[in-house]
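The values are calculated or read from the model by the stated rules, or taken from the named source; none is laboratory data. Here the structure is a predicted model, which is why all the values come from computation and not from measurement. Heads up, the Cβs are rebuilt from the backbone with ideal geometry, glycines too, and the neighbour counts pull from every protein chain shown.
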């Protein structure tokens, strides 16, 4: 049965032949075992590497990071990896249960009995699926927040704040995601065989709109922002912005300390509404020259068009994904092989989002390599517009205060890390040989 035609777009289909089911099912199971097995193996390598170097601070950091801080970073890294391993096992079980285990098909059949039309039925099913995934992930998230983060002195989130944050996140998801899902499902029903193109356009407009409105309407739901007061720090920020030819709508301080002692800084917004946001925890730890160097690094991402390139790559990837889903919609036997014998539009969408990352997992190191390359380039930009020694000093403080390991396993780092290892990054900044 064809899942779409030139007049009505996508229509639900039920498998009429099972010839291809064993092959695709086995391929998915093999890819799933490979993905989770490799991730568990890499996590084990990372733990061994961190433990092996726990007692000795790497020589380049010996004068700035104490043995106690280094050991804390090692123990913190291992603790987070343990939680991550549990997450991996839970994720694997949930993915199996929802796909070849028939869980998604059962959810679809259950909501299908509520008597709603296909658009409302599909939207509710997808929102309930997201809610279920959130609830399943709560135990390990609570363990991470109130166990690991609290034990190592990073968590400042209260139980009440955690609950309100979770509820606000769910509310934002429903208010923003619900209409988007309904629109995509509507386009799948009425836009002919090119529904995927219109769906991609809707997704792109949605993504740009959220990025534009996020700093003014969404971020304030979770954090408080205040203008950075006039003083040496604002002077330093304005100076580096002027040197880099960057115009911002303002410089804000965010109450990151309300939830965590980790520090950070970021840029947000588009066009004339770009804004620099500094965590209050970052300001507490770095002097104005170091903050200036960190901002020069972030400005490097902007001036070197890393952010624009990532946006374009994201939209291009979404285009390929929607096109692939458009083709897959004509092959309902593929969805039956993965646990959805009745390929409704929303079930197809959900299954595609869950399954495709499993098959694309081998490409993960490529995205990490591209990200690390951009980090090196932004560091070089910062060294040209601030002082490399200030950025190096800031990074050392952030590694120390955030308990980031200085001795990662090279395989784990190459596969997972978006930033270069600390030692390589500091050496590159100071013009040394790694």
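Out of curiosity, is residue 307 part of a helix (DSSP H, G or I), in contact with a strand residue (DSSP E or B) (Cβ under 8 Å, 6 or more places away or on another chain) and surrounded by fewer than 18 Cβ atoms within 10 Å (Cβ to Cβ)?
yes
Which of the residues that make up region 241-273 are assigned to a helix (DSSP H, G or I) and within 20 Å of the chain's Cα centre (by Cα)?
256, the sole residue that qualifies.
Of all residues being free of Cβ contacts under 8 Å to residues at least 40 places away in the same chain and within 30 Å of residue 352 (Cα to Cα) in region 67-82, which is surrounded by the fewest Cβ atoms within 10 Å (Cβ to Cβ)? Just the residue, please.
Of everything passing the filter in region 67-82, 82 is surrounded by the fewest Cβ atoms within 10 Å (Cβ to Cβ).
Report those helices (runs of 4 or more DSSP H) wholly inside region 145-240 carrying at least 1 residues which are in contact with a strand residue (DSSP E or B) (Cβ under 9 Å, 6 or more places away or on another chain) and under 21 Å from residue 267 (Cβ atoms).
Passing ranges, in order: 195-213.
Against the definition (in contact with a strand residue (DSSP E or B) (Cβ under 7 Å, 6 or more places away or on another chain) and in contact (Cβ under 8 Å) with a residue 12 or more places away in the chain), how does residue 342 come out, yes or no?
Yes.
Report those helices (runs of 4 or more DSSP H) wholly inside region 313-395 carrying at least 2 residues which are modelled with pLDDT of 95 or more and over 30 Å from residue 191 (Cα atoms).
Correct list: 364-385.
Give just the number: which of (1) in a helix (DSSP H, G or I); (2) in contact with a helix residue (DSSP H, G or I) (Cβ under 8 Å, 6 or more places away or on another chain); (3) without any contact (Cβ under 8 Å) to a residue 40 or more places away in the chain does residue 116 not satisfy?
Residue 116 satisfies all of (1) in a helix (DSSP H, G or I); (2) in contact with a helix residue (DSSP H, G or I) (Cβ under 8 Å, 6 or more places away or on another chain); (3) without any contact (Cβ under 8 Å) to a residue 40 or more places away in the chain except (1).
Evaluate the following for residue 403: is it surrounded by 15 or more Cβ atoms within 10 Å (Cβ to Cβ), in a loop (DSSP other than H, G, I, E, B) and in contact (Cβ under 8 Å) with a residue 12 or more places away in the chain?
When the stated conditions are applied, residue 403 passes them.
Can you tell me which residue is surrounded by the most Cβ atoms within 10 Å (Cβ to Cβ) among those in region 39-51 that are in contact (Cβ under 8 Å) with a residue 60 or more places away in the chain and touching a helix residue (DSSP H, G or I) at 6+ places or on another chain (Cβ under 8 Å)?
The selected residue is 46.
Just to be sure before I move on: is residue 54 assigned to a helix (DSSP H, G or I) and either touching a residue at least 24 places away in the same chain (Cβ under 8 Å) or surrounded by 14 or more Cβ atoms within 10 Å (Cβ to Cβ) (or both) in the structure I sent?
Answer is no for this residue.
For residue 85, indicate whether it is surrounded by fewer than 18 Cβ atoms within 10 Å (Cβ to Cβ), modelled with pLDDT of 95 or more and under 26 Å from residue 338 (Cα atoms).
yes
Taking region 90-108 only, how many residues are buried (at least 17 other Cβ atoms within 10 Å of the Cβ) and in a helix (DSSP H, G or I)?
Here the count works out to 10.
Test residue 64 against the criterion of being surrounded by fewer than 18 Cβ atoms within 10 Å (Cβ to Cβ), assigned to a helix (DSSP H, G or I) and at pLDDT below 95, and give yes or no.
So residue 64 fails the test.
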